[in-house]
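Data block below; observations after.
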Amino acid sequence: MDNELGTTYWPTLKRKLQFLKNELNLCDDQGFWKSSIYHGFNNDSAIEKNIFNGSPNYVRNGSIEHKDHAVYLKAFHNLNFTENYVRGWDPDSSGGIKARNGEDLVIARNYVDDTGILLYIHKQVVRPLPLFLKNVLVYGNHIVERTKPGDRKSGIFYLEPYQNFTDENLVYAGNVFEIEGANPTSKDCIFIGKHANLNQHHVYDDNIYEGTTPPEHVNIKAAQGTLHFESGSASVPRDYVAMTVPRYNIAQYAPKSSSG
């Protein structure tokens with residue numbers, strides 16, 4: 001999204017959104033968004049510096065209206081998802097930043113509030129998909145776990161649900177987990193599910209719990225076998241190191257009464 005409207009320039013995205021809200025007389029809740037972005041079958045793309053601020057799942061006519069992920073990325077080649085603010089999707093199968101079946105993916109320096117980062121290789125259903133996930137960097141994200149601390153879809157989660165496909169060179173480094181509630185450092189944060197080739201999942205010991213002194217690396221869990229930390233930090237391009245995690249002071253969603 002361009003940061004200019006006519007001849008007006010906003011120094012921050014937040015200022016721009018405040019202007020648009022007032023100019024267009026928008027309410028806080030603009031409807032039930034199942035997903036913010038569906039992105040697939042594209043090369044050389046970047047999704048950066050956005051605010052994805054949704055409202056939670058809700059019950060209508062006796063049934064739960066589920067969402068379909070804050071962002072859904074698939075069949076990509078060379079995709080960067082960086083410096084985004086993500087909140088308002090539940091920490092379950094309907095939420096999260098979901099990325100599957102592709103290669104050369106960077107998920108870096110995002111603020112992910114009470115939902116997860118979900119990585120998959122699914123079988124193809126209709127349109128042909130690459131049956132692999134290769135060259136993935138999950139780096140420097142700030143992940144808040146509030147509703148379901150320690151749940152696999154509250155943190156970083158990898159899964160091949162159907163069969164063995166090709167997972168190659170996935171790196172997890174420098175992520176910070178802010179876990180609310182009792183005994184935060186007892187919670188698992190990075191989960192590698194079934195059918196994974198553990199030799200291709202590189203989890204560094206600089207994935208830490210927020211506020212621990214000295215920094216304490218998070219708990220990791222593998223569905224099959226044992227996953228070990230790699231010491232130090234991954235070799236990360238300096239552009240990602242220099243990025244800033246967006247920590248905006250945005251009020252929690254609260255539905256308005258029917259009278260107001």
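The values are calculated or read from the model by the stated rules, or taken from the named source; none is laboratory data. Note that this is a predicted model, so its numbers are computed, not measured. Note: ideal-geometry Cβ built from the backbone for every residue, glycine included; neighbour counts use all protein chains shown.
Here Pro149 meets each of (1) of a type outside the set (A, V, I, L, M); (2) touching a helix residue (DSSP H, G or I) at 6+ places or on another chain (Cβ under 8 Å); (3) under 25 Å from Glu48 (Cα atoms) with one exception, condition (3). Residue check: Phe76 meets all listed conditions (1) within 23 Å of Ala173 (Cα to Cα); (2) out of contact with any strand residue (DSSP E or B) (no Cβ under 7 Å at 6 or more places or on another chain) but one, namely (2). Are any of the residues in region 170-190 aliphatic (A, V, I, L, M), without any contact (Cβ under 8 Å) to a residue 60 or more places away in the chain and closer than 19 Å to Glu103 by Cα? Within region 170-190 (the criterion being aliphatic (A, V, I, L, M), without any contact (Cβ under 8 Å) to a residue 60 or more places away in the chain and closer than 19 Å to Glu103 by Cα), the answer is yes, since at least one residue qualifies. Name the single residue that is modelled with the lowest pLDDT among those in region 65-77 being surrounded by 17 or more Cβ atoms within 10 Å (Cβ to Cβ) and not hydroxyl-bearing (Ser, Thr, Tyr). The extreme case among them is Lys67.
So in region 222-241, with the set limited to residues that are surrounded by fewer than 11 Cβ atoms within 10 Å (Cβ to Cβ) and under 22 Å from the mean Cα position of the chain (by Cα), which one is farthest from Ala173 (Cα to Cα)? Checking each candidate, the answer is Arg238. Taking first residues from region 41-64 that are under 17 Å from Asp114 (Cβ atoms) and at pLDDT 90 or above and partners that are assigned to a strand (DSSP E or B) and of a type in the set (Lys, Arg), the Cβ contacts under 9 Å between residues at least 6 apart in sequence or on separate chains come to Ile51/Arg87; Phe52/Arg87. Counting only residues that are more than 19 Å from Val236 (Cα to Cα) and in contact with a Gly (Cβ under 8 Å, 6 or more places away or on another chain), which one in region 154-168 is surrounded by the fewest Cβ atoms within 10 Å (Cβ to Cβ)? Selected residue: Pro161. Quickly run through region 104-153 and pick out the residues that are in contact (Cβ under 8 Å) with a residue 60 or more places away in the chain, in a strand (DSSP E or B) and in contact with a Gly (Cβ under 7 Å, 6 or more places away or on another chain). The answer is Ala108, Tyr139. Do we have Thr226 as out of contact with any strand residue (DSSP E or B) (no Cβ under 7 Å at 6 or more places or on another chain) and under 26 Å from Pro161 (Cβ atoms) here? Taking the combined requirement at face value, the residue satisfies it.
Each row is one residue, and each column tells you yes or no for (1) in a strand (DSSP E or B); (2) at pLDDT 95 or above; (3) β-branched (Val, Ile, Thr).
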residue: Asn164; (1), (2), (3): no, no, no
residue: Gly181; (1), (2), (3): no, no, no
residue: Val203; (1), (2), (3): yes, yes, yes
residue: Gln224; (1), (2), (3): no, no, no
residue: Leu227; (1), (2), (3): no, no, no
residue: Ala234; (1), (2), (3): no, yes, no
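Pairs meeting the criteria (first residue in region 16-33 and of a type in the set (Phe, Trp, Tyr), second residue assigned to a loop (DSSP other than H, G, I, E, B) and at pLDDT 80 or above, beta carbons under 6 Å, at least 6 apart or on different chains) are Trp33/Gly54.
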